[in-house]
1. In the chain, with Lys and Arg counted as +1 and Asp and Glu as -1 at Cβ, which of these residues, 248, 320, 9, has the Cα nearest the positive end of the dipole, that is, farthest along it?
2. May I ask for the angle, rounded to the nearest 10°, between helix 494-503 and the longest principal axis of the chain, with both axes built from Cα atoms and the value confined to 0 to 90°?
3. Take every DSSP beta bridge whose two residues both sit in the chain, then give the antiparallel share in percent to the nearest 5.
4. Based on the alpha carbons, how large is the Rg to Rh ratio for region 409-532 when Rh follows Kirkwood?
5. With the Cα gyration tensor of region 149-224 in hand, give its eigenvalues times 5 under a square root as the equivalent ellipsoid semi-axes, listed largest first in whole angstrom.
6. What angle do you read, to the nearest 10 degrees and between 0 and 90, between the alpha-carbon axis of helix 417-430 and the longest principal axis of the chain?
7. By the scheme Lys and Arg +1, Asp and Glu -1, what is the net charge of all other residues having a beta-carbon under 14 Å from that of residue 144?
8. Subtract the Cα-Cα distance of residue 168 and residue 313 from 0.36 nm times their separation in residues, and report this length gain in nm to one decimal.
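Bear in mind that the values in this text are calculations on the coordinates, not laboratory data. Here the structure is a predicted model, which means the values were calculated and not measured. Note that each Cβ is placed from the backbone with ideal geometry, even for glycine, and that neighbours are counted across all protein chains shown.
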Amino acid sequence: MPVRIEDIAVAIRPINAETSASAALGLFLSDSALFALPIVVNGAALGHVTRGRLTEIMAGPGGREIYAARCITNFMTPNPVMVETGTSVALIAKLAADGNTSALTDGVIVIHEGRYSGLVSPRAILSAVAQENAQRAQAMQGARKRLAEARTSARDVARDKAHFLAFLSHEIRTPLTGILGVADILQDSVSGAEPRRLARTISESGNHLDRLLGDLLDLSRLEAGKLPINPLPFDLHEFAAEARDLWQSRIAGKRLDLRIQVESTSVMRIEADAMRIRQILFNLMSNALKFTEQGHVSVVLATDETAGKLSLRMAVSDTGCGISDSDKARMFNAFEQANATTAQTHGGSGLGLSIAKGLTARLGGKIALADNPGGGTVFTVTLPVLRAGPRLAAQAPNKPRRRSLTLGHILIAEDHDVSTLVMSRALTAAGWKVDTVANGEAAIANAMAARYQAILTDIHMPGVNGEMVVRALRCSDGPNQLTPILAVTADLSAERRAACEAVGFTALIEKPIRPRALVATLADVLMADEDTGWELGAKRA
């Protein structure tokens, strides 16, 4: 609360205009704390005389003889500062510091509704301002501390949320392995159109659930600022062709024309995170296809250069139902739909546009939404990119090509029965011999007793987990000290990859496990040259 002038005023008894200088000096001499005397006529303040001014005049040569009998009004402070009650001391001090008043040298006369109320000394003004500044500084320090605590709390919440979602991802993707893995096995083993159709339906439903889980994890990483960015050179024409090939099959059942083009004046070789840009584009295309029943969905890719800085522009337009002005402001919020019936009519979680906006911001760009003049909407994304150098010609390797793979004995350590079933069936069908154990202790015991071509171990087994297994084997003199050991996990974050590399894993197998991807990744790892080092298994559909 700001200090008001009346809070520090002293009710000094006033003198009248006829008071002599000698009598006023006597009052000052009788009270050493008295810094000034107010002069009041009929309750109204006429002015005041300060101790310093009167003493200086009376102490001069012949001062008492000359001035003692004169009226005190002859010695009043010129242009006295009179302030109404309610005025803040800080304002008075600022005006005085700016040279506009004499408040800091002669003090202030306080009046209330035009009548004298009290006096305030310069020392009291300075003391009040200093005290107020100290309190303000203390309050600001407290505010900074609370802000720091709030930021820490927010980071803790974001970290806990990310950890929870990572745990949830593992817990959901483990049973998803059963859904997707068994569906894949069924499609490869059953005969007849109807059984295959049912297996395909299971697989498509599981894929949708997996994509939704991936969206939630991406949203969490974006909010926590943990989503990694990996800029690499790529070709804009190839980028557009890949998008066209993928999405052409998805619109086969709709009466739609898909148009994807690159403006001819664009820089074709650019450097940016193509995976994240593709994710932004695909989310916008998915949104456009969802709300467009007829007409077309168009994608225009182009580069623009301004003041020596290159940017990529992606415009996705459709001829769908459009978005009202009232809904545009909230369309980029997580879990938002255009209206209450959107989810029932068109499906979706409402995460696509939120992730597109978050990724755009993470890449340092901007996203805008506008009406399509022909009906529908236009989303425009602008991202800063770099000009990439020309593609280097591939050099023929000097060393021989990879050797052929001899299928040997594989050890699987997994505490989830369905995951064990999917992995063992897939590897057995490919020609490997497979041993399975349900915990880390058994995995270490088996690996110390027999030589395996590779070991697959779940990260999150109870008791002795996957990291403990790989540490034990890498530090031992057993037969599998140098055997490829693959981590089976639902977490493929940069932190998890780094942790797995540091502890000694050879590669990662991502959950939900797909039989073909598992076989391909294991084959790649085993066929790699010994000096290849750290290999990360890619998830293959």
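1. So the residue furthest toward the plus end is 248.
2. Tilt relative to the chain: about 60 degrees.
3. 60 percent
4. 0.92
5. So the equivalent ellipsoid measures 38, 10, 6 Å along its semi-axes.
6. Roughly 50 degrees between the two axes.
7. Value of the local net charge: +3.
8. Contour length minus the Cα-Cα distance gives 48.6 nm.
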